[in-house]
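Participant: Below is one structure. I have some questions about it.
The values are calculated or read from the model by the stated rules, or taken from the named source; none is laboratory data. Everything numeric in this text was worked out from a predicted model, so none of it was measured. Don't worry about glycine lacking a Cβ; one is built from the backbone with ideal geometry, like all the others, and counts go over all protein chains shown. For accessibility, only protein heavy atoms count, side chains too; no ligands or nucleic acids. Shrake-Rupley method; radii C 1.70, N 1.55, O 1.52, S 1.80 Å.
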Amino acid sequence: MAARDVLRDVRPGDRWLAVVAHPDDESFGCGSTLARAAQLGAAVTVVCATRGEAGEPAEGCPDGDLGAVREDELRRAAARLGVDVELLDLRDSGFAGDLPPGALCGVPVADLAAQIAATAARLAADVVVVLDGSDGHRDHLHVRAAAHAALPDLDGVALYEHCLPNRLMRRWLAEMRELRPGTAYLALDPAALGRRDAEVTDVLDVASVLDRREAAIAEHRSQTSPFDGLSAGLRRAFLTEDHLVRVRAARDSG
Ligand SMILES: [Zn+2]
């Protein structure tokens, strides 16, 4: 018997686990995929490794404990998406530089993989979703590596990477260069942005959860949305279709 396609054929009672590094990864990244699964009846849990303390506060963000602010934003955004939240209580590694004590990137991949596998087993997950990390943030890449390392212990569980396809990222770069000429955007290589289109295995129509996604994005007030300033057409292209790479299909669940 062929395995059910758990990504496309979501059924009530399915259990999804998304593992992300920072508050906003779930909303700026894979939010529509998660909201759609929840809309179709899946129980979705976002495990967020850190509170995003090293994030860049948006203009007008009040001073204070950024981690507490961002945890609150995460919980509000999760409610908008219709998903549950758990935190691993690690520290945001930041994009570069020395690692703070307790940083996500300081946890060996094998240890983080064991935590992912244990969480997936506790939640009886059918599907695990991570970001593909092609933006280069070391925390995103670390979570992705750990999810791959967990595969042998994720018996029968499907693993997908959420990504942004190169064809959309080229349009994004063109608009950014127009919007902010003379900035670092000029130095970016269009061919290296996002995920190669040929590697995308699944394109999901997520237009039915656009309102939920927009509401979740808006909860992350302390952060600058990556979709701010884009043309209406490109914003819609980013937010109404999600792109995934199937690392491993579900073995079978009937
Ligand atoms: Zn992140």
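Participant: Determine, from the Cβ-Cβ distance of ARG170 and LEU40 and an R0 of 51 Å, the FRET efficiency 1/(1 + (r/R0)^6), rounded to the nearest 0.05.
Facilitator: 0.95
Participant: Using a 1.4 Å probe, what is the accessible area per residue for the chain, in Å²?
Facilitator: 45 Å²
Participant: Also, I was wondering about something else. Binning at 5 Å from 0, report for the stretch 11-77 what percent of all alpha-carbon pair distances ends up in each bin.
Facilitator: Computed distribution, short to long bins: 4, 17, 25, 21, 14, 9, 6, 3, 1.
Participant: Using a 1.4 Å probe over the heavy atoms of the protein chains, calculate the carbon and sulfur portion of the accessible area of the stretch 1-64 as a whole percent.
Facilitator: The computed percentage sits at 47.
Participant: Next question. Taking 2.2 N^0.38 Å as the expected size of a compact globular protein, what ratio does the Cα radius of gyration of the stretch 99-193 give against it, to two decimals?
Facilitator: It is 1.38.
Participant: Let me know the whole percent of all Cα-Cα pairs from the stretch 149-233 that are separated by more than 21 Å.
Facilitator: Of all Cα-Cα pairs in the stretch 149-233, 51 percent lie more than 21 Å apart.
Participant: What's the center-to-center distance, using Cα atoms, between the stretch 135-184 and the stretch 219-254 in Å?
Facilitator: Here the answer is 10 Å between Cα centres.
Participant: Expressed in nm to one decimal, what extension gain is obtained for the pair ALA68 and ASP98 from 0.36 nm per residue of sequence separation less their Cα-Cα distance?
Facilitator: Difference between extended and current length: 8.6 nm.
Participant: Expressed in nm², what is the orientationally averaged projection area of the convex hull enclosing the Cα positions of the stretch 158-201?
Facilitator: 3.4 nm²
Participant: Further, regarding this structure: Show me the trypsin sites (Lys or Arg not before Pro) within the stretch 26-89 that DSSP assigns to loop and that have at most 13 other Cβ atoms within 10 Å of their Cβ.
Facilitator: When the trypsin sites (Lys or Arg not before Pro) of the stretch 26-89 are filtered for loop state and at most 13 Cβ neighbours within 10 Å, nothing remains.
Participant: Output the peptides 242-251, 6-15, 20-29 sorted from most to least packed, where packing is the average of other Cβ atoms within 10 Å over each peptide's residues.
Facilitator: 20-29, 242-251, 6-15
Participant: Also: Which whole-number percent of Cα pairs in the chain have a distance greater than 29 Å?
Facilitator: 26 percent
Participant: Starting from the exponent 0.38 and prefactor 2.2 Å, build the expected Rg for the stretch 1-142 from its residue count and divide its actual Cα Rg by it.
Facilitator: 1.07
Participant: If contacts are Cα pairs under 8 angstrom and at least 6 residues apart, what is the relative contact order of the chain in percent?
Facilitator: About 27 percent, as a whole number.
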